[in-house]
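See structure below.
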Amino acid sequence: MKEHGLLLVNLGSPASPTTPDVKRYLQEFLSDRNVIEMPPALWQPLLRGIILPTRSWRSATFYRNCWMKEGSPLIVYTQRLTAKVQALMPDWVVKMAMNYGRPSITDTLAEMKKECKKIVVLSLFPFFTQSTTQTIIDKVHAVDPNIQIIDRFSAEDHYLSLLTRQIQDAWDYGNYDKLLISYHGIPTAMVKHGDPYQKETEAATAELIKRLDIPEKQIKMTYQSKFGPMPWLKPYLRNVLLNEAQLGHRNILVAAPSFVADCLETLEEDSTQNYQVFRENGGNDLTMVPSLNDSPAFAKFIVDLVRQKVTQ
């Protein structure tokens, strides 16, 4: 039995890009009280009667568009990252799990408890928010409240340096009018209830602006992936893209620091849907900065972070 184990946790994905599997995934995801705060007695009839029947087949087509030969991009990149971290930490047991779908946090922790004495869980969400990170904490603590959790890393200097280099390389390679730094949105009600997400994303943007060799007037912060009728954090990425096109800014670079692995939101929502809207309204080139994915530098950052934070 090894002394230490590390569990990397990401969001999750349907088992396949088929309507039944997407429906099962969405039902689990959208039944999480950390994601949807509406009372279940009101929400569940709406979810089961309207949202799942109409959204599942549509989402399945989006997943098919970005599905890789090996599976879901988010799962594939997380698997590859886990393998690289394990190679750098041969004295540890390193595994991955997902908030929703498989492999589950509960089952994976049960396996790890047989293989190592102490377990550290790292959330692969750089920014803390109730709708993602809190669910990881809840599920881990349901297994063992003493497991150490690293619940965010967006303010780490090394991580910000990695992001800066990724964005700068993409900017230098092209000829862009604007850089949009786009974060996954959350409902404004969560922020009013004390969620730190908006402050953390704004702090990261301010740091990136300081570090990037890009004029500040050419950088704008946005939020994306709004779901439902309630107000979410603004400005919305799609609205900003339409406005930039109208202003004659035809070449846009988009960075999405909320996502450490390319997924439905970066590959389909941004690279396909938002690109099409941008082009239809006068834009020319909409390019995504690749996520860190399984880059050796990101794997090394994780190893250094965990060794630094681990409770001996």
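The values are calculated or read from the model by the stated rules, or taken from the named source; none is laboratory data. If you're wondering where the values come from, they're calculated on a predicted model, not measured in any experiment. A quick note on method: Cβ atoms are made from the backbone with ideal geometry, for glycine too, and the neighbour counts reach across all protein chains shown.
Here are the numbers:
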| item | result |
| --- | --- |
| Qualifying residue in the stretch 32-54 (condition: at pLDDT 90 or above and acidic (Asp, Glu)) | no |
| Test result for SER154, touching a residue at least 12 places away in the same chain (Cβ under 8 Å), in contact with a strand residue (DSSP E or B) (Cβ under 6 Å, 6 or more places away or on another chain), within 28 Å of ILE252 (Cβ to Cβ) and of a type in the set (S, T, N, Q) | no |
| Any chance ASP169 is in the same structural domain as ILE36 (by TED's automatic domain parsing), closer than 23 Å to LEU74 by Cβ, of a type outside the set (Ser, Thr, Tyr) and part of a helix (DSSP H, G or I) | no |
| Among the candidates PRO73, PRO90, residue that is modelled with pLDDT of 95 or more and either under 26 Å from GLU200 (Cα atoms) or surrounded by 18 or more Cβ atoms within 10 Å (Cβ to Cβ) (or both) | PRO73 |
| Residue check, SER123 in the same structural domain as LEU8 (by TED's automatic domain parsing), more than 21 Å from GLU156 (Cβ to Cβ) and either hydroxyl-bearing (Ser, Thr, Tyr) or in contact with a His (Cβ under 7 Å, 6 or more places away or on another chain) (or both) | no |
| Test: PHE153 is touching a helix residue (DSSP H, G or I) at 6+ places or on another chain (Cβ under 6 Å), among the hydrophobic types (A, V, I, L, M, F, W, C) and not in a helix (DSSP H, G or I) | yes |
| Where ASN251 falls short, out of the listed (1) more than 28 Å from THR133 (Cβ to Cβ); (2) in contact with a helix residue (DSSP H, G or I) (Cβ under 9 Å, 6 or more places away or on another chain) | (2) |
